[in-house]
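The values are calculated or read from the model by the stated rules, or taken from the named source; none is laboratory data. Everything numeric in this text was worked out from a predicted model, so none of it was measured. No Cβ is skipped: glycine too gets one built from the backbone with ideal geometry, and neighbour counts run over all protein chains shown. SASA here: full protein model, heavy atoms, side chains in, ligands and nucleic acids out. Shrake-Rupley method; radii C 1.70, N 1.55, O 1.52, S 1.80 Å.
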Amino acid sequence: MKSIYISEHGGPEVLTYGEMPDPVIGPNEIKVRVKACSINRVDIFTRMGVRGTRLALDSPHILGGDCAGEVTEIGSEVTRVKIADRVVINPKISCSQCQYCIAGDDELCIKPKMLGQNSNGSYAEYINAPATNAIILPDSLSYEEASAMPTVFMPSWNILIRRGKLRPWETALILSASSGVGSAAIQIAKNVVGARVIATTSTQEKASMAKQMGADHVINYAEEDIEQRVKELTGGRGVDVVVDHVGAEFWPATSRSLATGGRYGICGVTTGYLVNLQIGQLFLRNQTVFGVFMGRRDDLRQIIDLADKGMIKAVIHQIFPLKKAEKAHNIMESQNFFGKLILKP
């Protein structure tokens, strides 16, 4: 099958378009003809071998997690999914055997895997995955739209709905509105919860697009001080929930922007891991800081259902043929885009 793989870590130039063996499925797995796959920041890290993603690379490795496509083969034990089903794949694979998986808390799995990181991924014509990771797609969603959703909507849903419990009368602060997570979180906070949304971004053009997505206010951090502007917008109170997938760069300003009783959710650290945490403020102001890694399988089912109803949607910046993956990676690294970058085998 045609695929994009790496044989060494490095820049976009190490991405190779060529032949790889078709995946062989197990009894509880399905084989999917990939119709679309989306690029995530972790693909860049894995390609580079940074932030805990370095691989032995004893053999070529196929990148990519999020994908949607058509089921072409099912394992002998698979009953819920059938051949020709249109599906989107949850890229986080749980072990199904640890105490958390058995209890239904698969997001806490102690031995999780991610497609494209510690197993071959979706930058290919075919992929294999556990049947339990497949969500049947409604006719209203295209493969491109569906492939753009899992890795950005699942952690956003986890932070805002399940862990952060954002309420309609509260205010959410969404960092980096132009990213996949940012655009997803804006929609969940505004369209699903009905809360007030403050977003951050770096240009006036991106700010305008963030407002089109539903943000009530957008802070251009290239021109404005985030902490000061949040105080102005909230009358000095601060925000109730923060969605942070950026990491160290904005932590000083955004952590000080958290209201009494506020909840600070972290699902990424693209600008760095280490920050200074003022623990006195946490107990004096009854604040919570927590992290999420994707979410539960059922989260994706709910997300797809809401997309079918038109309440949320994938934000797609550009679609590339699979063999143009190097160009797509260059654009992601430039950060000159809004939404998701998609590859089509």
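Under a 5 Å amide H cut-off, with hydrogens placed 1.01 Å from N, Val218 pairs with Ala199 among residues at least 5 apart or on other chains. Annotation: the antiparallel percentage among DSSP beta bridges lying fully within the chain is about 55. Estimated from helical segments only, the mean residue ellipticity of the chain at 222 nm is -6500 deg cm²/dmol, where each DSSP H run of four or more residues counts as -39500 (n - 2.57). Using the 1.4 Å probe convention, the accessible area of the range 194-345 works out to 48 Å² per residue with neighbouring protein chains retained. Just check the range 289-329 against the gyration tensor rule for me: Cα atoms, a ≥ b ≥ c as the square roots of the eigenvalues, rounded for a/c under 1.5, and otherwise prolate or oblate depending on whether a/b exceeds b/c. The shape class here is oblate.
Overall, the range 116-177 carries a charge dipole of about 500 debye about its Cα centre when +1 sits on the Cβ of Lys and Arg and -1 on the Cβ of Asp and Glu, all other atoms neutral. Note on the range 190-322: with charges restricted to the Cβ of Lys and Arg (+1) and Asp and Glu (-1), its dipole about the Cα centre is near 360 debye.
In terms of its alpha-carbon gyration tensor, the range 1-112 comes out oblate; a/c meets the 1.5 threshold, while b/c is at least as large as a/b.
Using a Gaussian network model of the chain in which every pair of alpha carbons under 10 angstrom is joined by a spring, one finds that among Gly18, Gly180, Gly247 the greatest mean-square fluctuation is at Gly18. Filter the chymotrypsin sites (Phe, Trp or Tyr not before Pro) in the range 124-220 down to the DSSP loop ones having no more than 16 other Cβ atoms within 10 Å, then list what survives. Counting only loop positions with at most 16 other Cβ atoms within 10 Å, the chymotrypsin sites (Phe, Trp or Tyr not before Pro) in the range 124-220 are Trp169. Once each part is reduced to its C-alpha centroid, what is the distance from the range 288-345 to the range 25-39 in angstrom? With the range 288-345 and the range 25-39 each reduced to a Cα centre, they are spaced 17 Å.
Surface composition of the range 250-292: carbon plus sulfur atoms contribute 60% of the solvent-accessible area (1.4 Å probe, protein chains only, all chains present). Considering only Thr270, Gly236, Thr203, the residue lying farthest towards the positive end of the dipole of the range 183-274 is Gly236, judged by Cα position with unit charges set on Cβ.
Of the GluC sites (Glu not before Pro) in the range 205-260, the ones in a loop by DSSP (not H, G, I, E or B) with at most 15 other beta carbons within 10 Å are Glu223, Glu224.
Summary value for the chain: 19 percent relative contact order, contacts being C-alpha pairs under 8 angstrom separated by 6+ residues.
Normalising the average separation of contacting C-alpha pairs (under 8 angstrom, six or more residues apart) by the number of residues puts the relative contact order of the range 1-112 at 24 percent.
Put a dot 7 Å past the Cα of Arg54, heading toward its Cβ, do the same for Ala222, and the two dots end up 3.4 nm apart. If you sort the three axes of the alpha carbon gyration tensor as a ≥ b ≥ c, you get a/c under 1.5 for the range 190-249, which makes it rounded.
Within the range 32-153, antiparallel bridges make up roughly 95 percent of the DSSP beta bridges whose residues both belong there. About its Cα centre, the chain has a charge dipole of approximately 580 debye under the convention of +1 per Lys or Arg Cβ and -1 per Asp or Glu Cβ, with nothing else charged.
For Ile93, the residues whose amide H sits under 5 Å from its own are Lys113, Met114, Leu115, ignoring neighbours fewer than 5 places away on the same chain, with H placed 1.01 Å from N. Packing here is the average count of other Cβ atoms within 10 Å per residue, and on that basis the peptides 239-246, 186-193, 328-335, highest first, run 239-246, 186-193, 328-335. For the range 240-345, trypsin sites (Lys or Arg not before Pro) meeting the loop criterion (DSSP other than H, G, I, E, B) and having at most 11 other Cβ atoms within 10 Å: Lys309. Legend note: in the chain, cysteines whose Cβ sits 4.7 Å or more from every other cysteine Cβ are Cys95, Cys98, Cys101, Cys109, Cys267.
Between Lys113 and Lys82, the distance separating the two model label sites (each 7 Å from Cα on the Cα→Cβ line) works out to 2.8 nm. Here each label is just a point 7 Å from Cα along the line to Cβ, and for Cys98 and Val14 those points are 2.7 nm apart.
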